[in-house]
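To keep things clear, I will list the structure first and then write my remarks on it.
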Amino acid sequence: MTRAVYPGSYDPVTNGHLDIVERASSLFDEVVVAVLINKNKKTLFSVEERMEMLREVTAQWPNVRIDSWHGLLVDYCREHDVRAIVKGLRAVSDYDYELQMAQMNHQLSGVDTLFMPTNPIYSYLASSLVKEVATYGGDVSTLLPASIEQRLVQRLGEKR
Ligand code: PNS
């Protein structure tokens, strides 16, 4: 069985992420969407909330699992017999840093990273921008599943 991991912060999951999940799920026997915990990064949603949202919006793909990890991604790969890391590339500007991480991860563990070009309709999409737009009342309804948008608007309201 060939297992891949699609790591990220997912704060929150967007339609851009889901496009990659769907395409990766057709290439691998199993895709683990892993919420990577970075204690230095302030997030709007807790790890549990992010995982719950991911579970909800990926339920349609039976070979997709949700997990979380604190530490190096390559250690997750080693412990869970992961053969490939999947990353979405939105634009050339993503490439430099992603290439550096891919080469470091390969050097550390031998695990390869597969870059998947983002669907052009999502090439500008980032969770951070979605949060900023929603904070000021902008319409993000085409960028997120409806249930995630609801939770985002609710959370931003609670913070006000
Ligand atoms: O959604 P993000 O925040 O852009 O995802 C970045 C992430 C979590 C995939 C990246 O920071 C990562 O892999 N972190 C795990 C820690 C790690 O392995 N660092 C060394 C990378 S070479």
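The values are calculated or read from the model by the stated rules, or taken from the named source; none is laboratory data. These numbers come from a predicted model, not from an experiment. Glycine gets a Cβ as well: all are built from the backbone with ideal geometry, and neighbour counts include every protein chain shown. Note: accessible area is taken over every heavy atom of the protein model, side chains too, but ligands, DNA and RNA are not part of it. Shrake-Rupley method; radii C 1.70, N 1.55, O 1.52, S 1.80 Å.
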Exercise. Expressed as an acute angle from 0 to 90° and rounded to the nearest 10, what is the orientation of the C-alpha long axis of helix 15-25 relative to the principal long axis of the chain?
Worked result: 30 degrees
Problem set entry | Whole-Hz ³J(HN,Hα) from phi, Karplus 6.51 cos²θ - 1.76 cosθ + 1.60, for segment 112-128, glycine and proline x | 8, 10, 10, 8, 10, x, 5, 4, x, 5, 10, 5, 9, 8, 8, 4, 4
For this session: Please grab the % of Cα pairs in segment 1-73 that end up more than 21 Å from each other.
Result: 20 percent
Exercise. Where does helix 92-109 land angle-wise versus the long Cα axis of the chain, in degrees 0 to 90, nearest 10?
Worked result: 40 degrees
Problem set entry | Distance between segment 75-91 and segment 18-48 - C-alpha centres, whole angstrom | 10 Å
Seminar exercise, completed: Ratio for segment 3-159, C-alpha Rg to 2.2 N^0.38 Å, reads 1.01
Seminar exercise, completed: Applied in sequence order to segment 32-47, the curve 6.51 cos²θ - 1.76 cosθ + 1.60 (Karplus, θ = phi - 60°) yields integer Hz couplings, x standing for Gly and Pro, of 9, 8, 10, 7, 8, 8, 10, 4, 7, 9, 7, 10, 7, 10, 5, 4
For this session: Treating the angle as unsigned and between 0 and 90°, give the value, to the nearest 10°, between the Cα long axis of helix 146-159 and the longest Cα principal axis of the chain.
Result: 60 degrees
Exercise. Dividing the alpha-carbon Rg of segment 58-104 by 2.2 N^0.38 Å yields what?
Worked result: 1.38
Exercise. Which far-off residues, 5 or more places away or on another chain, put their amide H under 5 Å from the one on Phe28, with H placed in the peptide plane?
Worked result: none
Exercise. Could you give the accessible area per residue of the chain, probe 1.4 Å, as a whole number in Å²?
Worked result: 55 Å²
For this session: Name the long-range amide H neighbours of Ile37: under 5 Å, sequence gap of 5 or more, or other chain; modelled H, no Pro or chain starts.
Result: Trp69, His70, Gly71
Seminar exercise, completed: The size of the Cβ-based charge dipole (Lys, Arg +1; Asp, Glu -1) of segment 15-117 about the Cα centre, to the nearest 20 debye, is 260 debye
Exercise. Whose amide H sits under 5 Å from the amide H of Val86, counting only residues 5 or more places off or on another chain, with H placed in the peptide plane?
Worked result: Val5, Tyr6, Leu114
